[in-house]
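Structure record follows, encoded as structure tokens.
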Amino acid sequence: MDFYKVIKTRRSVRSYKKDEIPEDVLNRVLDAARIAPSGSNRQPWKFIIIKQQERRQEIAKLCHSQLFIADAPVVIVGCGKDIHYNRGGWMEDCSVLVDVAIAFDHLTLAARAEGLGTCWIGSFDNDEIKDFLNIPEDVNVVAITPLGYPEKDSVFCESNDRLPLEEIIYRETWGKK
């Protein structure tokens, strides 16, 4: 699929078919996250793949009861280890969030290219999920996504509610168009 079509038609999907995801497709999506860039090539990410229905349901509850998450055949929990690398300036320890977000974005875009839906979940109970999944103390959950084939293919359409380019771009200095 054309890259620009992928980014123009990726949407948050909240309704999934029960169809299994073939292992080769899942591995291509996960590999897209693996090859993502990170600051100083630290690669501070780990991904937990959850397929068991009962475990998906528990994760959905721990995402402030966003129960649609459990309807997808796979749930992916993206984690980041804070390696206390100071990138410089105000970023400091926040760099792990940026690095994991880049990898997670690669994952969601690869999923779209494969015809799979995702929904970037940022509302969850980090401590409860860490306990449930035995995540080490120095690692935190950064993002979660259900992964599956959308109930309706029509969900993959271009959005009309994005700001026009001229409203988000300044030239050379803030406020200069």
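The values are calculated or read from the model by the stated rules, or taken from the named source; none is laboratory data. Everything numeric in this text was worked out from a predicted model, so none of it was measured. FYI the Cβ positions are ideal-geometry reconstructions off the backbone, even for glycines, and counts take in every protein chain you see.
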For the range 67-82, does any single residue satisfy the condition of being in a loop (DSSP other than H, G, I, E, B) and free of Cβ contacts under 8 Å to residues at least 12 places away in the same chain? no
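Sort out which residues of the range 45-54 are farther than 21 Å from VAL100 by Cα and either assigned to a strand (DSSP E or B) or in contact (Cβ under 8 Å) with a residue 12 or more places away in the chain (or both), and write them in order of number.
Scanning the range 45-54 gives LYS51, GLN53.
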If I filter the range 135-147 for residues that are surrounded by 14 or more Cβ atoms within 10 Å (Cβ to Cβ) and in a loop (DSSP other than H, G, I, E, B), do I get at least one hit? yes
One residue from THR118, THR108 being in contact with a Lys or Arg (Cβ under 7 Å, 6 or more places away or on another chain) and at pLDDT 90 or above: THR108
For ASP125, indicate whether it is modelled with pLDDT of 95 or more and among the charged types (D, E, K, R). yes
Single match in VAL100, VAL96 (criterion: in contact with an Asp or Glu (Cβ under 7 Å, 6 or more places away or on another chain), without any contact (Cβ under 8 Å) to a residue 60 or more places away in the chain and crowded, with 22+ Cβ neighbours inside 10 Å): VAL96
Give just the number: which of (1) without any contact (Cβ under 8 Å) to a residue 24 or more places away in the chain; (2) under 13 Å from the mean Cα position of the chain (by Cα) does ASN126 not satisfy? (2)
Criterion violated by GLU20 - all others in (1) surrounded by 14 or more Cβ atoms within 10 Å (Cβ to Cβ); (2) of a type in the set (D, E, K, R); (3) outside any helix (DSSP H, G or I) satisfied: (1)
From the residues in the range 28-44 that are in a loop (DSSP other than H, G, I, E, B) and either out of contact with any Pro (no Cβ under 7 Å at 6 or more places or on another chain) or without any contact (Cβ under 8 Å) to a residue 60 or more places away in the chain (or both), which one is surrounded by the most Cβ atoms within 10 Å (Cβ to Cβ)? PRO44
Pairs only if they're at least six apart or on different chains, beta carbon under 7 angstrom, first in the range 4-27 and over 25 Å from LEU67 (Cα atoms), second modelled with pLDDT of 95 or more and surrounded by 14 or more Cβ atoms within 10 Å (Cβ to Cβ); list them, first residue then second. VAL6/LEU109; VAL6/ARG112; VAL6/ALA113; ILE7/LEU109
